[in-house]
Each structure stands twice: as structure tokens, then as C-alpha cells.
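The values are calculated or read from the model by the stated rules, or taken from the named source; none is laboratory data. Keep in mind the model is a prediction, meaning the values are calculated, not measured. As a convention, Cβ positions derive from the backbone with ideal geometry for all residues, glycine included, and neighbour counts pool all protein chains shown. SASA here: full protein model, heavy atoms, side chains in, ligands and nucleic acids out. Shrake-Rupley method; radii C 1.70, N 1.55, O 1.52, S 1.80 Å.
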Amino acid sequence: MAPICVGDSLPDGTLAYFDSADTLQQVSIHSLAAGKKVVLFGVPGAFTPTCSLKHVPGFIERAAELKSKGVDEIICISVNDPFVMKEWAKTYPENKEVKFLADGSASYTRALGLELDLTEKGLGIRSRRFALLVEDLKVKVSNVESGGEFTVSGADEILKAL
Amino acid sequence: MASAMMRRSTATLRSVMGVAFRDYASVSVGSDIVSAAPDVSLQKARTWDEGLSSKFSTTPLSEIFKGRKVVIFGLPGAFTGVCSAQHVPSYKNNIDKFKAKGIDSVICVSVNDPYVMNGWAERLQAKDDIEFYGDFDASFHKSLDLTKDLSPALLGPRSERWSAYVEDGKIKVLNVESVPSEFKVSGGDHLLGQI
């Protein structure tokens, strides 16, 4: 799959999470994004530093601002299982808006064309670091890092586009 | 007399039937764990920075097992129920008793990356007592034939719940739960009684 870019339709896929009653749920991306303005950002791995210390906090801090500009959902996905995503999300007790969804098998990440082989770092197939702004399933902004950096995929870049 | 004949015929049946009568794991008591998994290494639980500064080094099995007395247990997943609430604590709470028996290391291994293992070990406050290793690509568990497909539970390929006592690479005790959700034979209390 070629990496998703501006103008593409957001593919559908199923991601997993634990709801507030601690029940495992699966959700289709389209059910969250159809007819809405959605920010979808991906990280290589839960509990790794850039993801934990820079990328995610940026979206948590800017969540209210994003919502005030019409964003309906802010979603963080990673190739991790839902147990790990749940525990990682707990390390951000101040978070109210960002949804942490698990793409355990990397199937959705592959559908977006954003997979990255991090086997030599002990991670296996993961996601690139990226951020998308999607309006009614059409990709309006696609910021994908080329390597491990954190330059274009943050919340600020998405805010500029709104 | 009759039992000896039974044993011989069972052994013959095993060799003839091969797969159908295979032991649960490909290793058993008496197997050499390092020979069973040549070229396999594990990744010690660590932070990303530690990984970076060590150039993402891995630990070969020989380094973990050769010339040492090791208690090792494997489980389906970091941060999951039985693993967190029962399995790890059963070893953490017995650590002094294991050390009193001359055990060099108590090791927890799971099919997770080493960063998740580190986050989990810190959450359980068990890093001082137990060494956590990640078998991120399941190569260790595949070599021992202890993998379990937990895709229905949205976990993907993982491991059985098991425990072992290994002396200088030789497996002295091996316990494998019949299903990973159970916690009957693989705990620390049970293993302590077998060493």
C-alpha cells in the first residue's frame, strides 16, 4: 500500500479498546469518522519516549483548541494490543479527549500504507509517526515523518491547517 | 511387569504416531534449553534510551542459562489480568525463598517488546526482584513450541502460561497450564515446592 495522502479516502478498519467499564470493544474507523472532522495520529510504540513525552502530550494539550475549531474526534493509534494501550493511556490522567485505539495486528496501519519495520529495535512491524486531518472520510492533511523524528506530525501542524 | 510392557508399547506408539503423541512443548525435563533454541536471543526490559545507548543489544540464551540456576516463567501478555494480578506476584513474593535455594535469576518472559515489558515491570514494582525479558517476535517461544494463538482475544501470537527451573541450561522442571487463562501449575509457590 502506498502511504495515504491528501485527497485519499480514509480506509475503514477495526481497532480495539477498553471502555470505561473495562470491557473490550472493537470499533470501526468509519463509524467514528464518517460525516465528521477527525484527527488521527499514529505512533511507533506505547511506552517509548518521543511517543510518550512529546507526540501524545502535544495532542492532549491542544485537544480543547482542536475541538473549538470543529474537530470531533482526536484518535491515537499504535500497533500495540488493547491492554497495553489502556495502561499507556492511564499514564495521562489529565487526558479527556484523546482516544487511544489499538491496532494490534497492524492491519489498519497497513491499510493506511504507514507501516514501518522496527524489528532491529525489538519492536517488529509498527506504524510510522504521522498525523492526519480527515473531513468526512477525505484526507485533508497528511503529515508523515520519514524516520524517527518529530517534526511535522505534531498537534501544532494540524492546528495550522484548521 | 505389565507396566513395563505398557511403557514400551506407549513409547513405540509415540514414535510411530509422531505428532499425535507429541509432548505439549517440544522440550521437556532433561532437554537443554539453549540447544533447543539456537541463535535465539531475548531483549532485556529497558527504556528506549537504554536501548539506544546499548545499540539495541540482545541477550543470547547461553548468557542467561549457562552455568546458572534459573527460574523462568512465561505468560500471555504484559498488563493483562492474571499475568499482572497473580502470576508475577507469585514470584515476586517468593523471591527470598528462591534466592535461599541458590537461584541466580528469576526471569519473566512474554511476547512483548522490551519497552512495554519495562513499563509493566515498573508498574508492578518488580524490577528489583525479577528480570523481565521481551520475546518480541516470539522466536524463543516458537523454538520451545510454547506459542499460543490468542488472536481471538485480540492479542495475536503469544505464549502459553508456563514455568520452568533450569540448571546450567538443562530443564529440571517444566510446568505448562492446559489453557493460558488458568493459573494452577505455573506459579511461584508451586515451583518452589518442586525445586
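Across chain A, Cα pairs under 8 Å and at least six residues apart give a relative contact order of 32 percent.
Using a probe of 1.4 Å on the protein chains alone, the accessible area found for B:LYS44 is around 80 Å². Using bins of 10 Å that start at zero, the share of Cα-Cα pairs per bin across the protein assembly as shown amounts to 5, 23, 29, 20, 13, 7, 2, 1, 0, in whole %. Counts of other chain beta carbons within 10 angstrom of each beta carbon in peptide B:70-83 average 2. Spin-label model, A:MET1/B:ALA100: points 7 Å from Cα along the beta carbon direction are separated by 5.6 nm. Here's the picture: charge each Lys and Arg Cβ at +1 and each Asp and Glu Cβ at -1 in chain A, and of A:ILE60, A:PHE47, A:MET85 the one pushed furthest to the positive end of that dipole is A:ILE60. Provide the FRET efficiency to the nearest 0.05 for the A:ASP117-B:LYS66 pair, computing r from the beta carbons and using R0 = 35 Å. Computed FRET efficiency for A:ASP117 and B:LYS66 comes out at 0.65. Near the amide H of A:LYS36, within less than 5 Å, lie the amide hydrogens of A:ASP136, A:LEU137, all on another chain or at least 5 residues away, with H placed in the peptide plane. Here chain B is treated as a Stokes sphere of Kirkwood radius computed over C-alpha pairs; at 37 °C and 0.692 mPa s its diffusion coefficient rounds to 189 µm²/s. Annotation: Cα Rg of the stretch A:84-157 relative to the compact-globule expectation 2.2 N^0.38 Å equals 1.20. Go ahead and run the numbers for FRET between B:SER151 and A:GLN25, Cβ-Cβ distance against an R0 of 25 Å, rounding to 0.05. The value I calculate is 0.90. Taking a point 7 Å from the Cα of A:GLU94 along the Cα-to-Cβ direction, the residues of the stretch A:44-60 with backbone N closer than 20 Å to it are A:47-60. Given a 1.4 Å probe and the protein chains as shown, A:TYR92 ends up with an accessible area of around 20 Å². Overall shape of the stretch B:112-184 was characterised from the C-alpha gyration tensor. The equivalent ellipsoid obtained from it has semi-axes of 19, 19, 13 Å, in decreasing order.
When only the Cβ of Lys, Arg, Asp and Glu is charged (+1, +1, -1, -1), the dipole of the protein assembly as shown relative to its Cα centre reaches about 700 debye. Residue-wise HN-Hα couplings along the stretch B:180-190, as the Karplus relation 6.51 cos²θ - 1.76 cosθ + 1.60 with θ = phi - 60° gives them from phi, are x, 6, 8, 9, 10, 10, 9, x, x, 4, 5 Hz; Gly and Pro carry x. As a calculated quantity, the FRET efficiency between B:VAL173 and A:LYS54 at R0 = 45 Å, using C-beta atoms, amounts to about 0.45.
Summing +1 for each Lys or Arg and -1 for each Asp or Glu among the other residues whose beta-carbon sits under 15 angstrom from that of B:ARG161 gives -4.
Phi-derived couplings, Karplus 6.51 cos²θ - 1.76 cosθ + 1.60 at θ = phi - 60°, listed residue by residue for the stretch A:61-66: 5, 8, 4, 4, 4, 4 Hz, with x used for Gly and Pro. In terms of accessible area, using a 1.4 Å probe and ignoring ligands and nucleic acids, B:HIS190, A:HIS30 rank largest first as B:HIS190, A:HIS30. DSSP bridge analysis restricted to the stretch A:1-159 gives an antiparallel fraction near 70%, rounded to the nearest 5. Both chains summed, the buried accessible area for A and B stands near 1600 Å², from protein heavy atoms and a 1.4 Å probe. Rounded to the nearest 10 square angstrom, A:CYS5 shows an accessible area of 70 square angstrom against a 1.4 Å probe. Note on chain A: Kirkwood radius taken over Cα pairs, Stokes-Einstein applied at 10 °C and 1.306 mPa s, translational D equal to 103 µm² s⁻¹.
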